[in-house]
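See below for the structure under consideration.
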Amino acid sequence: MSTFQAPKGTYDLTPPRSATFLAVREAIAAPLRDSGYGYIETPGFENVELFARGVGESTDIVTKEMYTLTTKGGDQLALRPEGTASVLRAALEANLHKAGNLPVKLWYSGSYYRYERPQAGRYRHFSQVGAEAIGTEDPVLDAELIILADQAYRSLGLRQFRILLNSLGDKECRPVYREALQTFLRDLDLDEETRRRIEINPLRVLDDKRADVQKQLTDAPKLRDYLCDACTAYHEEVRALLTAAGVAFEDDEKLVRGLDYYTRTTFEFVHDGLGSQSAVGGGGRYDGLSEMIGGPELPSVGWALGVDRTVLALEAEGIELDLPYTTSVYAVPLGEEARRVLFGVVTGLRRAGIAADFAFGGRGLKGAMKSANRSGARYTLVAGERDLAEGVVQLKDMESGEQNAVPLTEVAAELAKRLG
Ligand code: ATP
Ligand code: MG
């Protein structure tokens, strides 16, 4: 170990576990790519104001969890705590919404930073794959996104996850509900911080994890009873589309999620094998966000799935992804001359698109063959002085154990043929 360790709340991704992370990112991205979502990448930090406005001044993310910094030039920046505000900012900046092709469908993958109390499944640096569909209000779009996330999880073999669904109403009906809720909450026995929350963002009180708070919320007014006709119809349509697609969900009246910008459809993916950090992903509609950050009216919907927790969910279900070995051919040189010749062969194989690796460092046959085994390569190439004198290499099939001499000039073609 060196003098240094990964900072608190972070961990390194190292082989072989890192391969699972890559595969999870890929599995989440694949259905999006196949459904018209284009890749977007934004900076790891943004102007702090973007998140203050876009995520919400009253959210835990902005009040407690953001890594903020002042640059030497005096700019106030924040490491990105989430993706949606950045992606919308970038889409507006690039005028993607003006290209006459709405919705703008985007997907992203990257690192996010939140100053949280580290626990299993909760880190200060974590990774998400997300999707946003910008500029269209259409229940089919909400359904599409939920279905694609479901498809991604299923493709990984996950089964013990559930989809929680709710509607948060819109700018017509939500304020009426908000007031009714505030009136109810003000009469409860709550601490100072929670009382402040009642005034700033009362819906978030419903999200309180404490049992004594939850007990008092049993008779809280329900948002469902306040939804306007348009919101009710919209929500029923989303539910019907999910049902038609065979995607099971649970109506969860208390699901409000931590971000201020959500309207109408809200959902969360929870996994039952993860203990208290059970949310593996979440999202919803954010019809007001564009205007909140100075853009035009652009009703949008999106989600973000946590890669770290998805990997934990795989482990909880005992799922080992079937990750193919990356090396097809492993070359073992015996002696100086063989090193040069076989390295040339390996370079040629690689250029021909055949994945090949090499026993570096002039190791003996036994140690090198161990590495060849560990690499998972289907074939090894072994060459010593006598082989070179005859212009051949020994080609060994690691599965059958069969070995035969192949002329140096024909190795690449022979391997290409055998590997199909
Ligand atoms: P939680 O309620 O667990 O704090 P959240 O509502 O803050 O989650 P979102 O902002 O919706 O989470 O982020 C989407 C997903 O990103 C989460 O479902 C989770 O998988 C992942 N995620 C969020 N925060 C963390 C974290 N600190 N460490 C690891 N993964 C995280
Ligand atoms: Mg959180």
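Summed over the range 200-239, residues that are within 27 Å of the chain's Cα centre (by Cα) and more than 18 Å from Thr183 (Cα to Cα) total 4. You will find that of Ser109, Ser127, the residue that is assigned by TED's automatic domain parsing to the domain that holds Leu274 and within 16 Å of ligand 2 (Cβ to nearest atom) is Ser127 and no other.
Checked against (1) surrounded by fewer than 19 Cβ atoms within 10 Å (Cβ to Cβ); (2) farther than 19 Å from Ser127 by Cα, Leu92 meets all criteria but (1). Residues considered: Leu69, Leu77, Leu22. Of these, the only one that is part of a helix (DSSP H, G or I), free of Cβ contacts under 8 Å to residues at least 60 places away in the same chain, more than 14 Å from ligand 1 (Cβ to nearest atom) and farther than 26 Å from Gly135 by Cβ is Leu22. A count restricted to the range 153-209 and to residues that are in a helix (DSSP H, G or I), touching a residue at least 40 places away in the same chain (Cβ under 8 Å) and within 15 Å of Asp60 (Cβ to Cβ) stands at 6. In the list Tyr115, Tyr226, which residue meets the criterion of being in contact with a Cys (Cβ under 7 Å, 6 or more places away or on another chain), of a type outside the set (Asp, Glu) and at pLDDT 90 or above? None of the others qualify; the one that does is Tyr226.
If you go through the range 210-241 and keep only what is of a type in the set (Ser, Thr, Tyr), out of contact with any helix residue (DSSP H, G or I) (no Cβ under 7 Å at 6 or more places or on another chain) and in a helix (DSSP H, G or I), you end up with just Thr232.
With respect to Ala279, is the statement that it is within 16 Å of ligand 2 (Cβ to nearest atom), surrounded by fewer than 20 Cβ atoms within 10 Å (Cβ to Cβ) and of a type in the set (A, V, I, L, M) true? So Ala279 fits the description; yes. Among the residues of this structure, Tyr112 counts as one that is of a type outside the set (Lys, Arg), near ligand 1 (Cβ under 9 Å from one of its atoms) and without any contact (Cβ under 8 Å) to a residue 60 or more places away in the chain.
Of the residues making up the range 315-324, none is crowded, with 23+ Cβ neighbours inside 10 Å and either in contact with a helix residue (DSSP H, G or I) (Cβ under 9 Å, 6 or more places away or on another chain) or farther than 15 Å from Leu415 by Cα (or both).
Yes or no: the range 31-50 includes at least one residue that is within 16 Å of ligand 2 (Cβ to nearest atom) and not in a loop (DSSP other than H, G, I, E, B). Checked the range 31-50: no residue is within 16 Å of ligand 2 (Cβ to nearest atom) and not in a loop (DSSP other than H, G, I, E, B). From the list Gly44, Gly54, Gly9, Gly83, the one residue that fits, being more than 12 Å from ligand 1 (Cβ to nearest atom), under 19 Å from the mean Cα position of the chain (by Cα) and either surrounded by 12 or more Cβ atoms within 10 Å (Cβ to Cβ) or closer than 29 Å to Leu203 by Cα (or both), is Gly44.
When the range 104-134 is filtered for residues that are under 19 Å from Glu291 (Cβ atoms) and surrounded by fewer than 21 Cβ atoms within 10 Å (Cβ to Cβ), nothing remains. Restrict the check to the range 282-303 and report whether at least one residue is surrounded by fewer than 24 Cβ atoms within 10 Å (Cβ to Cβ), free of Cβ contacts under 8 Å to residues at least 12 places away in the same chain and among the hydroxyl-bearing types (Ser, Thr, Tyr). Taking every residue of the range 282-303 in turn, none turns out to be surrounded by fewer than 24 Cβ atoms within 10 Å (Cβ to Cβ), free of Cβ contacts under 8 Å to residues at least 12 places away in the same chain and among the hydroxyl-bearing types (Ser, Thr, Tyr). For the range 113-126, the criterion of a residue being among the aliphatic types (A, V, I, L, M) and touching an Asp or Glu at 6+ places or on another chain (Cβ under 8 Å) is satisfied by no position.
The values are calculated or read from the model by the stated rules, or taken from the named source; none is laboratory data. Computed from a prediction, not measured in an experiment: that's the story for all the values here. FYI the Cβ positions are ideal-geometry reconstructions off the backbone, even for glycines, and counts take in every protein chain you see.
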